[in-house]
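First the structure, in the form of structure tokens, and then the observations on it.
Since every read-out is calculated from the coordinates, none of them should be taken as a lab result. Here the structure is a predicted model, which means the values were calculated and not measured. For neighbour counting, all protein chains shown are included, and Cβ atoms are generated from backbone atoms with ideal geometry for every residue, glycine included.
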Amino acid sequence: TGMFTYDPGFTSTASCDSAITYIDGDNGILMHRGYRIEDLAEHCDFMDVCHLLLNGDLPDVPQKKQFEHDITYHTMLHEQMIYFFRGFRRDSHPMAVMVGVVGALSAFYHDSTDITDPHQRMVASHRMLAKMPTIAAMAYKYSVGQPFVYPRNDLNYAENFLNMTFSVPAEEYKISPTLARAMDRIFILHADHEQNASTSTVRIAGSSGANPFACVASGIASLWGPAHGGANEAVLRMLQEIGSKDRIPEFIERAKDKNDPFRLMGFGHRVYKNYDPRAKVMQKSCHEVLDELGIRKDEPLLDLAMELERIALEDDFFVDKKLFPNVDFYSGIILKAMGFPTSMFTALFAVARTVGWIAQWNEMVEDPNHRISRPRQLYQGNTGRELPESYKTN
Ligand code: CMC
């Protein structure tokens, strides 16, 4: 046996060099390529942030125009992919559909599977960024039994996504600028988060030389779990289960009970030991959306969430363990107000995180130090066993 460190869950292992995203968990700071997430969410749109993550810098005006062109050029899905959707049960979870359909992209875009060609890597990146909203919206349309809506390249990324999701041929769909801005901001807040579980999964898958579509499919699979991207869905279910403010203490006690598997969903983080800066922006955005939609008082879940946060942040258990609301705590309330069913929440996270996965995958492929990811283990099982006699006669 060689010498290696035992680090289950990789709490203290840096797996790569990266220049994309910086997190200072103790101080609640998140930066992409050196820019604070609060500034990006306030002053940039999702295309700016995608360009920043992928190429290292915010685009100037001509660069932005070119980048938007590169993305819109690829928004359509190969028509044959419709059969993939039709093969699923109507009640399939959208994440199940997305894992399958995104994995299948590698069967359609063979040219983009040559990872040794930087140009093809960029084409693959643009393709995935462009097609992910189309795929997510189609998963939604299929689940509600409405016709698929084709992408519209005259709309921006968020508007096009809302249109593909909510418009129907029978009537004109007016895209609310408030909703489009909120959608765009949600995409920005989820765009990248350094070496989280799904991104590490993408890097590990890619470390063997696998094609980027296959790698992103593996990222979607990892994101699905409730400890990761699945938390936004779990938060809303939890708030609905709590139901009213007087029941909050009961659930707080359950979250503190070591013998009860219940956790406060949308609370805690491996890296943040302070307020998640994304959650702050999300909370503000949540108020704005509910106010502008005029449904503030019809949404008791926001009051419930704020009260839950207040009580938890005053409780010694949460204070001592440094458990704060994370990005998923408020996002579900906005998405619900926008009209998305709970089952789409994690699919939207996947749409947004695709740029992070791709940027990190590109960085890895270009890194001269990158090798196949191959963790070691501490073997605890049997050795040197003899086969039973009965097997030896065969
Ligand atoms: N509710 C109650 N107790 C908690 C919670 C929670 N949400 N989170 C952590 N703890 C306790 C945990 O029981 C443990 O206690 P002890 O040290 O006594 O055993 C301690 O805090 C540390 O927790 P951990 O599970 O060792 O921490 P981790 O870094 O392995 O896990 C986490 C991080 C995010 C998986 C976890 O906090 C969690 O399960 N949170 C709820 C799910 C959630 O909101 N996930 C979203 C994460 S943010 C963005 C994203 O990826 O989507």
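For region 311-381 and region 161-206, what is the centre-to-centre distance using only Cα atoms, to the nearest Å?
15
Is the C-alpha gyration tensor of region 123-243 telling us rounded, prolate or oblate? Criteria: a/c under 1.5 is rounded; beyond that, a/b larger than b/c is prolate, otherwise oblate.
The shape class here is oblate.
Rounding to the nearest 20 debye, state how big the charge dipole of the chain is about its Cα centre with +1 on each Lys and Arg Cβ and -1 on each Asp and Glu Cβ.
Charge dipole, the chain, about its Cα centre: 980 debye, nearest 20.
If every alpha-carbon in the chain counts as one equal scatterer, what log10 I(q)/I(0) does Debye give at q = 0.06, 0.11 1/Å?
Rounded to two decimals, the profile gives -0.25, -0.82.
Which whole number of Å³ per residue matches the convex hull of the alpha-carbon atoms in region 172-301? Don't skip to the answer; put the middle values down first.
Numbers: hull volume 20.7 nm³, N = 130.
Considering the Cα atoms of region 172-301, their hull volume per residue is 159 Å³.
What's the whole-number percent of alpha carbon pairs in region 59-184 lying beyond 20 angstrom?
49
Once you've got the Cα coordinates, tell me which of LYS131/LYS273; LYS141/LYS280; LYS65/LYS273; LYS280/LYS336; LYS280/LYS322; LYS65/LYS336 are over 28 Å apart.
Where the Cα-Cα span goes over 28 Å, the pairs concerned are LYS131/LYS273; LYS141/LYS280; LYS65/LYS273; LYS65/LYS336.
Would you mind checking which residues have amide H under 5 Å from VAL149's amide H? H placed 1.01 Å from N; only 5 or more apart, or other chain.
Result for VAL149 returns nothing.
Normalised radius of gyration for region 79-148, please: alpha carbon Rg relative to 2.2 N^0.38 Å, two decimal places.
1.20
Loop-only check: which chymotrypsin sites (Phe, Trp or Tyr not before Pro) in region 295-390 are DSSP coil with at most 15 other Cβ within 10 angstrom?
Counting only loop positions with at most 15 other Cβ atoms within 10 Å, the chymotrypsin sites (Phe, Trp or Tyr not before Pro) in region 295-390 are TYR379.
Can you list the chymotrypsin sites (Phe, Trp or Tyr not before Pro) in region 208-308 that are in a DSSP coil and have 14 or fewer other beta carbons within 10 angstrom? Present the calculation step by step, with values, prior to reporting the outcome.
Working: sites: PHE213, TRP224, PHE251, PHE262, PHE267, TYR272, TYR275; in loops: TRP224, PHE262, TYR272, TYR275.
Sites meeting the loop and neighbour criteria: PHE262.
List the residue ranges in the chain for DSSP H helices whose C-alpha atoms run 30 angstrom or more along the long axis and whose Kyte-Doolittle average is -1.0 or above. All intermediate terms of the calculation are to be shown ahead of the outcome.
Values: long enough: 118-144 (40 Å, -0.06); 345-366 (32 Å, 0.61).
Helix filter hits for the chain: 118-144, 345-366.
What is region 231-338's relative contact order, in percent, from Cα pairs under 8 angstrom and six or more apart in sequence?
43
Once Lys and Arg get +1 and Asp and Glu get -1 on their Cβ, which of MET238, ASN274, SER285 lies farthest toward the positive end of the dipole of region 231-338?
Among MET238, ASN274, SER285, the one farthest towards the positive end of the dipole of region 231-338 is ASN274.
Under 1.5 on a/c is rounded, so check that first for region 288-379, then, if it is not, pick prolate when a/b is larger than b/c and oblate when it is not; a ≥ b ≥ c are the square roots of the alpha carbon gyration tensor eigenvalues.
oblate
Tell me which trypsin sites (Lys or Arg not before Pro) from region 48-135 have a DSSP coil assignment and no more than 13 other beta carbons within 10 Å of their own.
ARG89, ARG90
With the alpha-carbon atoms as the only input, what is the per residue convex hull volume for region 231-338 in Å³?
Residue-normalised Cα hull volume stands at 92 Å³.
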